[in-house]
1. Hey, got a sec? Which chymotrypsin sites (Phe, Trp or Tyr not before Pro) in segment 47-150 land in a DSSP loop and have at most 14 other Cβ atoms within 10 Å?
2. Under a plain spin-label model, where a point goes 7 Å from the Cα along Cα-to-Cβ, how far apart in nm are residue 186 and residue 42?
3. Which three extents, in angstrom, do the Cα atoms of the chain have along their principal axes, listed largest first?
4. Between residue 345 and residue 389, what's the calculated FRET efficiency when r is the beta-carbon distance and R0 is 35 Å? Round to 0.05.
5. List the pairs from 50/190; 397/461; 333/405; 166/190; 384/419; 422/442 whose alpha-carbon separation is above 24 Å, in the order I gave them.
6. For segment 103-200, what is the convex hull volume of the alpha-carbon atoms per residue, in Å³?
7. List residues of segment 33-65, by number, whose backbone nitrogen lies under 18 Å from a label position 7 Å along Cα→C-beta of residue 90.
8. Carbon-plus-sulfur fraction of the accessible area of the chain, 1.4 Å probe, in percent?
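The values are calculated or read from the model by the stated rules, or taken from the named source; none is laboratory data. From a predicted model like this one, the values you see are computed outputs, not experimental measurements. Counting neighbours? That spans all protein chains shown, and the Cβs are built from the backbone with ideal geometry, glycine included. All accessible areas refer to the heavy atoms of the entire protein, side chains included, with ligands and DNA or RNA removed. Shrake-Rupley method; radii C 1.70, N 1.55, O 1.52, S 1.80 Å.
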Amino acid sequence: VVKGFEMEIIPAKRIVAQIGDTVVLTCNTTGCASPSFSWRTQMDSPLGGKVSNHRTHSTLTMNPVSVVNSRSYLCTVICNSAEKERKEKSVKVGVYSFPSDPVIEISPSLVAGEPATVICKIPDVYPSDRLEVLLKKDEDRHVTDFFQDESTNTETKIVTYTFLPKAEDIGKNITCVARLLIADMDFEPKERTSSQKINANFGPQNTVITASPGNSPMEGDSLNLTCVTQSNPPAQIVWSKYLAEESIQHLIRNNVLSIPHVHFNDSGLYICEAINLVTNRTEKATVDIIIQGAPVITKLSIEPSTTVQEGENVSIQCSAESNPPPKIILRRKSDNAKVGPYSARSILLPSVMFQNGGDYECVAENKFGNSKREITLNVTYGPKNTMITVIPTDALKEGETVTMKCTSSGNPAPGISWKKKKATGEFEEISTNATFTIQNLKSQDLGLYECEAYNPVGKEKKAVKLYIQGLLEEPDQMIPLIIAFSSVAAVAVPAVAILIYVSRQAKINGSYSLVKALRLKV
């Protein structure tokens, strides 16, 4: 059986090709030994491809496919036989361009609350009059179509969308969906999608300070102040503290301010300042810290010094710190340990006396406890109350032992010097002991004796004169007049005391009656 002349085009059905691809149309014949091939388009437009003829088939190659290839192609075959038989067939080529996913452009420095523009680009699309673009963020949707376009070639289409970014948008996606809606063309994909996360700069905002263990820790406890803020990029944290006269003490650059052992002077208003260098914004938060605890005495002092001379003006002061504020009592402790006079914080002693010397105690107390400290006031003064005692106090006889003792008070304790007046009128030091003893009393031991009490503050003298005034020799009486002169003064001012003993019964001839020393008190 000899088959008749036939032809076909491969592919036989409509071809859909993307611009840039390669399409090959093949025209085949059977039943013809020497066919002639020709290709043409409707309206006799340029083929937009390369024809290659072979013995029984012909190919039309479009490489690359372009917009001009979007048309119907007709293959004509003439069988060069006696009959000159002619046959034709056509195939339609549809072209499109949808080569890549959309490109999303968002400014890297979005600021929350400030308008931001999102750009979605669909590269090299054709035909654009079938393009629809959807931009979405959460429930917000923005649709744009280009159905009114008159596209003749590939184009990059751009869609813009403006919105107000919020802090809660960070990490969420903005999605661009591009659809090429060509109903009579079968290709994939007809929808392309791109997404990009939102990174908005914002803040600082909602800045707060938390205090652990609380705003009123006990003195000596640890304290941690933590500053928390919302910011992108993360905010720098600067801690400071209000001081007196509205000055500020800058502390550290860290979100946690840690004080291992708080003291009362750590009380005050603390400030956390959060700084975002990108948004150029700052926000502050404050917390008032009150340190509680038993009192701590911070000062116990005596002015001008703890050692003063009698007559100076003296101020004793005590101060303490605590919360709640302490009750401060400054008092003098007496010798019997009973509480002396009370005073709040200070005692003033104008023209201080030696009796004011001693231990002073400061007591500070509140509901958490108390604290005590002591200080000693040392009042110096020159010698006073100097006196001489002569033993024995009865009339003395030649050859007896006489003891003279000099006593005086003062601070520092006075030293004692005994002197005797010589015949030349000068005084000669005879002892530096408080007690001076004359052994085997003789007449040459009589005379003027001087006791001098001295310390760095001053000195005081006292003198006693021993002599026999005379003997009264009568048949039935003898009257010895025994006179003692004593003087006491800061610079040896004399004072005289005379004591006359009369004895009518004594019958002693040729004996000495010695002076009985007087005890003089100041």
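1. Values: sites: 73, 96, 146, 147; in loops: 146, 147.
Passing sites in segment 47-150 are 147.
2. 2.1 nm
3. For the chain, the Cα extents along the three principal axes come out at 218, 39, 37 Å.
4. On the way: r = 47 Å, r/R0 = 1.36.
For R0 = 35 Å, the calculated efficiency reads 0.15.
5. Details: 50/190 29 Å; 397/461 28 Å; 333/405 34 Å; 166/190 33 Å; 384/419 19 Å; 422/442 16 Å.
Over 24 Å Cα-Cα: 50/190; 397/461; 333/405; 166/190.
6. Values: hull volume 9.4 nm³, N = 98.
Per residue, the Cα convex hull of segment 103-200 comes to 96 Å³.
7. 38-49, 60
8. Working: 14000 of 28490 Å².
Percent of accessible area from carbon and sulfur atoms in the chain: 49.
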